[in-house]
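This report refers to the structure that appears directly beneath it.
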Amino acid sequence: MKLQAQNSKGEWKDIEYLPSSWCGNSYHKIELEPNAFWKFTIPKYYGEFQTKIRAELKYIDNDNLKTEKVVYSNIINGSINPGQFWNKRTYYPNGLMDPYND
């Protein structure tokens, strides 16, 4: 799951990114029962650019394990630093099992 924001043209752009992983320990299956929901805490960004923010969650289709699907959260109002649209933070691995590989 990662956060996205609308840029000045109204296009949804990533303001966070997910590290990729080569390790099988990074992947597991979890199911959401019908009429249930997940609740997540997200960071509150502060910046001069007032915008709309949403979360993007990608998942694998149970009927076709080669198909990736996407679902989006409700949209909230927020503000960000415009640099979040293009500036990837430097990442420092924490050890052998760290999944980051960009």
Name the pairs: first residue in the range 36-55 and within 24 Å of K9 (Cα to Cα), second residue in a loop (DSSP other than H, G, I, E, B) and of a type in the set (V, I, T), Cβ to Cβ under 6 Å, at least 6 apart or on different chains?
K52/I75; R54/I75
Matching residues in the range 1-18 - criterion: being closer than 13 Å to P82 by Cα, of a type in the set (G, A, S) and surrounded by fewer than 12 Cβ atoms within 10 Å (Cβ to Cβ)
S8
Members of the range 56-77 found to be among the polar types (S, T, N, Q) and under 17 Å from E11 (Cα atoms), listed by number:
S73, N74, N77
When the range 67-102 is examined, which residues are found to be among the hydrophobic types (A, V, I, L, M, F, W, C), part of a loop (DSSP other than H, G, I, E, B) and modelled with pLDDT of 90 or more?
I75
Looking only at the range 28-49, and only at residues there that are in a loop (DSSP other than H, G, I, E, B) and in contact with a Pro (Cβ under 8 Å, 6 or more places away or on another chain), the one that is nearest to M1 (Cα to Cα)
G47
Could you please give the count of residues in the range 50-67 that are over 18 Å from L3 (Cα atoms) and surrounded by 10 or more Cβ atoms within 10 Å (Cβ to Cβ)?
4
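The values are calculated or read from the model by the stated rules, or taken from the named source; none is laboratory data. Owing to the predicted nature of the structure, the values given are computational and were not obtained by experimental measurement. Because the Cβ atoms are built from the backbone with ideal geometry, glycine has one as well, and the counts that use them run over all protein chains shown.
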